[in-house]
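What follows is a single structure, written as structure tokens, with notes after it.
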Amino acid sequence: MSKTKQKEKPTDVIIVGAGIAGTVLAFHLANARFKVKVFEKNKREDLGHDWCDSIEKDAFEFAKIPLPKSKEKREDRDHLVILSPDFKKQIHLDYYNYIIVDRLLFQERLISMAEKAGAEVNFGVEIVEPMGRGQWVVGVKTKEEKIENARIVIDCSGSERILARNIEILDLNIELKKKEKVRAYRELHKVSKDEISWENIPIEKNLLYYRYGYEKGYSWLNFEDDKNLDIGAGVGKGFSERSPKAIVNDFVNSKKNVDNEKVRGGGGDILMRRPTTMVWYGFLAVGEAACQVVPTNGCGIGPAMIGAKIAAEVVADALRRKEVSIDSLWKYQVRFMEKRGRDHAALDMLRRQVLEFNEDEYSFLIEKEILTKKDFENVIHAKYSKIGLWKMTISALRGLNRIKVMLKMRKIVKATNRIYKHYKKMPKEYDSRKYLTWMLGHMSLFEDLEQES
Ligand SMILES: Cc1cc2nc3c(=O)[nH]c(=O)nc-3n(C[C@H](O)[C@H](O)[C@H](O)COP(=O)(O)OP(=O)(O)OC[C@H]3O[C@@H](n4cnc5c(N)ncnc54)[C@H](O)[C@@H]3O)c2cc1C
């Protein structure tokens with residue numbers, strides 16, 4: 001009897017990275033009955049962060065991922081307190097649309113969802129570069145082998161950007177500057193007695209506290225539950241040499257009722273800039289690999305989920321139509337920019353310029369409410385709202401004794417408005433000449449400002 005070997009169905013999609021973007025994408029594409037292979041360099045048990053992260057609530061609904069329940073979810077926080085670097089001013093935001101989630105449990109749930117939907121997730125496989133054929137991306141390479149014949153290849157490798165940075169086209173392989181990264185670190189510690197203060201400010205257990213502008217970044221305190229305090233900091237690389245771990249340790253060492261031993265925690269670099277180009281022939285980048293993190297707060301999980309859902313819809317449509325060129329995948333670029341990218345670009349401009357202020361100037365801007373409650377609400381929720389010049393005139397009256405700071409603020413407002421407008425003009429269809437002109441335009445807007453500061 002002759003045996004006929006069943007021919008393996010060609011892979012529709014190769015995804016590199018089983019983090020947030022990779023697993024959300026794999027789940028949706030496998031659910032839509034495409035053959036999906038994911039390659040992740042780490043072991044399954046080592047995935048996710050050994051701490052809790054704040055994630056935008058809306059991103060779950062958008063990405064059609066059920067909200068975390070039971071052990072995966074910590075106490076709800078719907079109220080955030082912004083502190084000036086000198087602690088003299090508190091701004092209470094009563095709208096805070098984030099939930100606090102155990103990242104290890106959340107990551108495992110996403111992997112299981114992707115696997116149950118039919119995606120093949122391969123752990124312990126490190127990808128070193130993409131495989132090209134002409135202008136097309138057709139597969140990936142490990143140190144030992146080539147994995148090819150995929151119809152679409154997607155980079156979800158987070159801050160490594162392992163595929164994108166090896167595609168020498170447009171700004172996919174852009175060398176990120178030091179100032180476009182933040183070093184972040186957080187630790188969870190047990191607190192023995194109830195009362196705890198930050199300088200002179202008593203910390204309430206149901207509130208999350210953010211000190212914006214300290215060490216060219218931000219630091220925070222949040223009781224995850226009755227006894228455990230999350231202490232963290234993000235420091236703008238290239239702006240400050242201070243280590244965020246040292247900021248956390250200083251706080252712990254200064255408090256008698258905070259246990260010296262950490263319960264859990266860790267840190268890493270976050271890419272804080274506007275998105276790069278996100279598509280090419282047979283190729284997409286999603287999540288931090290496409291620089292989709294909110295540039296003003298370092299939150300990249302929500303945007304990675306949103307990016308993954310948009311990418312899944314566009315990829316599914318392209319595969320069904322058997323048309324996976326950049327013209328077809330461009331819809332992902334356009335939809336992400338409309339949903340988030342143009343806000344991120346304006347916030348990126350805002351962040352770069354505001355970081356040039358020293359702590360004293362920053363405290364002044366908060367104290368005089370030149371940076372208002374509404375501004376912080378927008379910055380935290382990744383929304384850029386166009387600040388009108390009339391508003392700046394009113395603010396200027398409050399800042400008459402700091403005319404240099406006010407002039408700088410005025411320049412920032414103009415520059416952020418300009419970049420937002422420029423992003424609205426990004427070509428809706430892929431046209432290499434028009435896109436290149438647009439890209440050069442956006443680069444020069446950023447360069448102009450960098451040279452001036
Ligand atoms: C200390 C710290 C605190 C943070 N806190 C928050 C927070 O509170 N809220 C929030 O929203 N965001 C937070 N972030 C940022 C957030 O973690 C990331 O932006 C988010 O995880 C990005 O998702 P992603 O899927 O793009 O990448 P990741 O989740 O990083 O996934 C990338 C995956 O790709 C894999 N990979 C990388 N290279 C390769 C390769 N060569 N071959 C195969 N696999 C590879 C990695 O192992 C990883 O599993 C924090 C980051 C840090 C460092």
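Considering (1) modelled with pLDDT of 95 or more; (2) surrounded by fewer than 24 Cβ atoms within 10 Å (Cβ to Cβ), say which one I306 fails and leave the rest.
(2)
Listed here are the residues, each with its yes/no results for (1) within 23 Å of L229 (Cα to Cα); (2) within 16 Å of the ligand (Cβ to nearest atom); (3) among the polar types (S, T, N, Q); (4) outside any loop (DSSP other than H, G, I, E, B).
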| position | (1), (2), (3), (4) |
| --- | --- |
| Q107 | yes, yes, yes, yes |
| S112 | no, yes, yes, yes |
| K116 | no, no, no, yes |
| V137 | no, yes, no, yes |
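If a residue has to be within 15 Å of the ligand (Cβ to nearest atom) and closer than 13 Å to K37 by Cα to count, how many in the stretch 151-179 make the cut?
4
What pairs come out if I take residues in the stretch 266-285 that are under 20 Å from K322 (Cα atoms) and within 13 Å of the ligand (Cβ to nearest atom) and pair them with residues that are acidic (D, E) and in a strand (DSSP E or B) whose C-beta lies under 7 Å away, six or more apart or interchain?
Cβ pairs passing all conditions: A285/D155.
Which number in (1) within 25 Å of V293 (Cβ to Cβ); (2) modelled with pLDDT of 90 or more marks the one condition that S432 misses?
Among (1) within 25 Å of V293 (Cβ to Cβ); (2) modelled with pLDDT of 90 or more, the lone unmet condition for S432 is (1).
I'm trying to understand the selection: among the residues of the stretch 253-265, which are within 16 Å of the ligand (Cβ to nearest atom) and not charged (D, E, K, R)?
Here is the first cut: in the stretch 253-265, the residues within 16 Å of the ligand (Cβ to nearest atom) are 262-265.
Listed by number, the residues that qualify are V263, G265.
Name the residue, out of N222, N200, that is under 25 Å from K373 (Cβ atoms), crowded, with 21+ Cβ neighbours inside 10 Å and polar (S, T, N, Q). I'd like the intermediate steps shown before the answer.
Numbers: N200 fails: crowded, with 21+ Cβ neighbours inside 10 Å.
Result: N222 is the single residue among N222, N200 that is under 25 Å from K373 (Cβ atoms), crowded, with 21+ Cβ neighbours inside 10 Å and polar (S, T, N, Q).
Of all strands (runs of 3 or more DSSP E) completely enclosed by the stretch 150-244, which ones contain at least 2 residues that are under 30 Å from V13 (Cα atoms) and either modelled with pLDDT of 95 or more or aromatic (F, W, Y) (or both)?
By residue number, 152-155.
For residues in the stretch 44-99 being small (G, A, S) and over 19 Å from the mean Cα position of the chain (by Cα), which is modelled with the highest pLDDT?
S84
The values are calculated or read from the model by the stated rules, or taken from the named source; none is laboratory data. None of these values were measured; they are calculated from a predicted model. Reconstructed Cβ throughout: ideal geometry from the backbone, glycine too, with neighbour counts over all protein chains shown.
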